[in-house]
Amino acid sequence: MPIPPEVTGEEIDPDVRQELMSLPKGLAEDVSRNLVMVAQLIDEDPEKAYGYSRVALRLASRVAAVREAAGFAAYATQKYSEALAEFRAARRMSGGVELWPVMADCERGLGRPERALAMAGEPEVQKLDKAGQVEMRLVAAGARRDLGQLDAAIVTLQSPELASSAVHPWTARLRYAYADALLAAGREGEAREWFAKALEADKDGATDASDRLAEMDGVEFVDAFDESEESQESGVVELDDEDEDDEDDRDGDKG
């Protein structure tokens, strides 16, 4: 797959570059450039990112960072079985636990919420950092919802992290998930309150909390440009106040 010449591979995370140093220099550069493309495209064009991840995987399948990147690219395209296999391989190579929550979410994607819940109770969870533990809580709550256990999902999300007024990178998503679970349970007043709290913490637009709030408040956003186009297409010309007065004067002269 073609890679723009301005992508040198130097843009890659230093830890990943360190891993790639075990490869011959030319090969390491090719792999790093493909990994940069994965990182750049995974949100806006996951299918393309997946393609670049496959190239990197073909070149360096024994590097944990490459297996991890391939896992996330497969995950982004909902290839959950493939993603899970790559995450397991990366975990075996690195010995870390940070991929545990996304591995559990792959189990959900494969229609196995019970396995995700079982993973939420494993000792690995205690080894996760705070962000990882919050992520695991989100996955477990999602698994409860998959099983139709709404009340249990709500309880799962109730935690010191949810109650805290401090804002962390995961705060908006945690509050949003809680609001969404409350709404699904018919607790609209509480849901609105938590969507508002999610929006307050969502500085990067990671959620659509503002849209959900507007929807709950019955607010509809109309695109003025589209409205104008529709008027022109239907042959309707909107007159402003001055035009209407001129029209009335002309009618009076005719009379």
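The values are calculated or read from the model by the stated rules, or taken from the named source; none is laboratory data. Everything numeric here is computed off the predicted structure, so don't read it as measured data. Neighbour counts run over all protein chains shown; Cβ positions are idealised from the backbone, glycine included. SASA here: full protein model, heavy atoms, side chains in, ligands and nucleic acids out. Shrake-Rupley method; radii C 1.70, N 1.55, O 1.52, S 1.80 Å.
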Inset, instruction - Report ³J(HN,Hα) in whole Hz for each residue of the stretch 97-113, in order, from the Karplus equation J = 6.51 cos²θ - 1.76 cosθ + 1.60 where θ = phi - 60°; Gly and Pro get x. - result: 10, 4, 8, 4, x, 6, 5, 5, 5, 4, 4, 4, x, 8, x, 10, x
Inset, instruction - Assign one of three labels to the stretch 81-149, namely rounded, prolate or oblate, based on the Cα gyration tensor with a ≥ b ≥ c the square roots of its eigenvalues; rounded applies when a/c is under 1.5, prolate when it is not and a/b is larger than b/c, and oblate otherwise. - result: oblate
Inset, instruction - For n ≥ 4 DSSP H runs only, could you compute -39500 (n - 2.57) per run for the chain, divide by its residues and tell me the 222 nm figure to the nearest 500? - result: -21000 deg cm²/dmol
Legend entry - Of every Cα-Cα pair in the stretch 36-87, the percent that sits beyond 14 Å: 40 percent
Inset, instruction - Return one number: the angle in degrees, 0 to 90 and rounded to the nearest 10, between the long axis of the Cα atoms of helix 46-59 and the longest principal axis of the Cα atoms of the chain. - result: 20 degrees
Inset, instruction - Would you mind putting 17-26, 128-137 in packing order, based on average other-beta-carbon counts within 10 Å, highest first? - result: 128-137, 17-26
Inset, instruction - Leaving out ligands and nucleic acids, note down the accessible area per residue over the chain with a 1.4 angstrom probe, in whole Å². - result: 59 Å²
Legend entry - With DNA, RNA and ligands ignored, accessible area of MET103 (1.4 Å probe; Å², nearest 10): 10 Å²
Inset, instruction - Determine ³J(HN,Hα), in whole Hz, for all residues of the stretch 114-126 in sequence, where each value follows from phi through the Karplus function 6.51 cos²θ - 1.76 cosθ + 1.60 and θ = phi - 60°; x replaces Gly and Pro. - result: 4, 5, 4, 5, 4, 5, 5, x, 7, x, 4, 4, 5
Inset, instruction - State the percentage of accessible surface on the chain attributable to carbon and sulfur atoms; use a 1.4 Å probe and exclude ligands, DNA and RNA. - result: 47 percent
Inset, instruction - With a/c under 1.5 counting as rounded, go ahead and sort the stretch 116-219 into rounded, prolate or oblate using the C-alpha gyration tensor (a ≥ b ≥ c being the square roots of the eigenvalues; past the cut-off, prolate if a/b is larger than b/c, else oblate). - result: oblate
Inset, instruction - Measure nothing but the geometry: give the 0 to 90° angle between the long axis through the Cα atoms of 224-233 and the longest principal axis through the Cα atoms of the chain, rounded to 10°. - result: 60 degrees
Inset, instruction - Report, to the nearest 10°, how far helix 25-41 tilts away from the longest principal axis of the Cα atoms in the chain, using its own Cα long axis and a range of 0 to 90°. - result: 30 degrees
